[in-house]
Amino acid sequence: PPNMPLDPTAPLVVQSGGLQSAAITVVALDTDPGIFSGAVVSSSGQMNSPTAPAQRGDTVSVYCTGLGPITESLNPTLPAPQDHVVYTKFPVVAYIQRTNGQLLPAKTSPAGLLPGSLGLYQVQVQIPDDAATGDQTGLYVVAGTRESNHVSISVR
């Protein structure tokens, strides 16, 4: 959860339906970003796909988890406020594949929790004018010192 104290010996216990798992030790990191599968939304408001591709110059929304500490103290069991964005403390950089094949930084807006959501972060990423086109354009984010999984998006 955002703003969770980092403790290398923190136990994790799962409770569901009145049952409880055995405790396991987890290593908590400041950041450990992950982009959700199919969670890039084009400026049209549709999930990015070959039939709803991003255009060069457009801004897409990338939905992820693990972007780290936030600028406000929130109850981690409640959704983020709906009336404003709670931003991440660490900058988030998005990398997009260019026509030369390299993955280079793209322009982003400050990342934050999606209003009304629980643990869901949103990053606004502008597709560069020299982005590779096609349905396999690479994209990933870096939060703190950690790199997310790489995903493919459609760009025209």
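The values are calculated or read from the model by the stated rules, or taken from the named source; none is laboratory data. Owing to the predicted nature of the structure, the values given are computational and were not obtained by experimental measurement. Cβ atoms come from the backbone with ideal geometry, glycine included; neighbour counts cover every protein chain shown. Each accessible area value is taken on the protein alone, full model and side chains, heavy atoms only, with ligands, DNA and RNA left out. Shrake-Rupley method; radii C 1.70, N 1.55, O 1.52, S 1.80 Å.
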Subject >> Near pairs, Cβ below 9 angstrom, 6+ apart or cross-chain, from segment 140-153 (within 10 Å of VAL92 (Cα to Cα) and in contact (Cβ under 8 Å) with a residue 24 or more places away in the chain) to any residue that is acidic (Asp, Glu) and in a strand (DSSP E or B) >> reply: VAL141/GLU147
**OP:** State all residues of segment 115-143 that are more than 10 Å from the chain's Cα centre (by Cα) and open to solvent by 40 Å² or more (accessible area, probe 1.4 Å); if no residue qualifies, say none.
**Re:** PRO115, LEU118, GLN126, ASP129, ASP130, THR133, ASP135, GLN136
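I'd like to know if segment 82-89 contains one or more residues that are within 19 Å of SER43 (Cβ to Cβ) and touching a residue at least 24 places away in the same chain (Cβ under 8 Å). Reasoning before the result, please.
First, pick out the residues of segment 82-89 that are within 19 Å of SER43 (Cβ to Cβ): 85.
The next check asks that each one be touching a residue at least 24 places away in the same chain (Cβ under 8 Å); those that pass are 85.
Within segment 82-89, one or more residues are within 19 Å of SER43 (Cβ to Cβ) and touching a residue at least 24 places away in the same chain (Cβ under 8 Å).
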**OP:** State whether the residues of segment 88-108 include one that is of a type in the set (Lys, Arg), surrounded by fewer than 15 Cβ atoms within 10 Å (Cβ to Cβ) and farther than 29 Å from LEU6 by Cα.
**Re:** yes
Original post:
Within the set of pairs 6+ apart or on separate chains, which have a first residue in segment 69-80 that is under 11 Å from GLY112 (Cα atoms), a second that is open to solvent by 70 Å² or more (accessible area, probe 1.4 Å) and not β-branched (Val, Ile, Thr), and C-beta atoms under 7 Å apart?
Top reply: PRO69/ASP30; PRO69/LYS89; ILE70/TYR87; ILE70/LYS89; THR71/TYR87; THR71/LYS89
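Being under 26 Å from GLY144 (Cβ atoms) and surrounded by fewer than 17 Cβ atoms within 10 Å (Cβ to Cβ) is true for just one of LEU29, LEU19. Which residue is that?
None of the others qualify; the one that does is LEU29.
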Subject >> Neighbours by Cβ (under 7 Å, 6+ apart or cross-chain): first from segment 55-68, on the phi > 0 side of the Ramachandran plot; second open to solvent by less than 20 Å² (accessible area, probe 1.4 Å) and not in a strand (DSSP E or B) >> reply: GLY57/ILE127; GLY66/THR31; GLY66/PRO33; GLY68/THR31
Subject >> Evaluation of ILE35 against (1) modelled with pLDDT of 95 or more; (2) outside any loop (DSSP other than H, G, I, E, B); (3) within 22 Å of SER152 (Cβ to Cβ); (4) open to solvent by 90 Å² or more (accessible area, probe 1.4 Å) (one fails), failing number >> reply: (4)
